[in-house]
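To start, the structure under review is shown below, and the notes come after it.
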Amino acid sequence: MLTIPRAKTATTVAYICFAISILVISTPVHSQWTENGAPVCTAPYVQEDPAIVSDGAGGAIIVWSHINTQRDIFAQRIDGDGIVLWTVNGVAVCAASAEQLDPAITSDGAGGAIIVWEDDRAEYTIIFAQRIDADGNPLWIADGIPVCSASARQINPSIVSDGAGGAVVTWQDYRNDGEYEVVSDVYAQRFDADGGYMWGSDGVSVSTVQHMYERVNPQLAPD
């Protein structure tokens, strides 16, 4: 039988324990995914109307309307392990003094995203847009740009990438209604990567059939 002196045994155990301690301390936490989901925002009050798009790197960019004293648009990026990559509780996409809600999002093809939403900062609800980069920084003017300059209520935006760094947006538009807002049509706009209008300042008509009905909730898909 091989006999190991007591002192040497103690030393061996000490080294083994030290090695295990190093392993435990230096092993990073690789995932925040849990059975009930990883938190994107834990700020007080209410987050609603979430929308999501791939970041092109195994993660995603999420956008939502955050309700505090008013509704604002926030966004967060998570990696493939469910770990948030931007400011805790998200970055402000639009915090203008008004109600911002119902966001939609698409990839900008460069790790960031283009986001549209309903915005009440004018006399009536209109659609605004903003592009953010892969680090959550806004690339267009602060609080976004209007999707068109027409003086009419616009709601229910939808957006899709144009495959060239910009996006195509469509929405429900009341410019042809007149007084009672019982007729709505569908209009669309295309932005380039710098936020410039590509289909005229007022957008283009998709459907303006002259009947006393509403064309509602338009949706987009790339061709």
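The values are calculated or read from the model by the stated rules, or taken from the named source; none is laboratory data. Just so you know, these numbers come straight off a predicted model, no measurement behind them. Reconstructed Cβ throughout: ideal geometry from the backbone, glycine too, with neighbour counts over all protein chains shown. Remember, those area values only see protein heavy atoms, side chains included, never the ligands or the DNA or RNA. Shrake-Rupley method; radii C 1.70, N 1.55, O 1.52, S 1.80 Å.
Of the accessible area of segment 124-223, with the probe set at 1.4 angstrom, what percent is carbon plus sulfur?
Numbers: 2430 of 4910 Å².
Carbon-and-sulfur percentage of accessible area, whole number: 49.
Could you report segment 78-170's accessible area per residue, 1.4 Å probe, as an integer in Å²?
Working: 3270 Å² over 93 residues.
Per residue, segment 78-170 has 35 Å² of solvent-accessible surface.
Using a cut-off of 12 Å between beta-carbons, work out the net charge of the residues near G59 (Lys and Arg +1, Asp and Glu -1, G59 not included). Walk me through the intermediate numbers first.
Details: positive: R77; negative: D55, D79, D81.
Within the 12 Å Cβ shell, the charges total -2.
Using the alpha-carbon positions of segment 129-195, Rg (one decimal) and Dmax (whole number) come out as 13.7, 44 Å.
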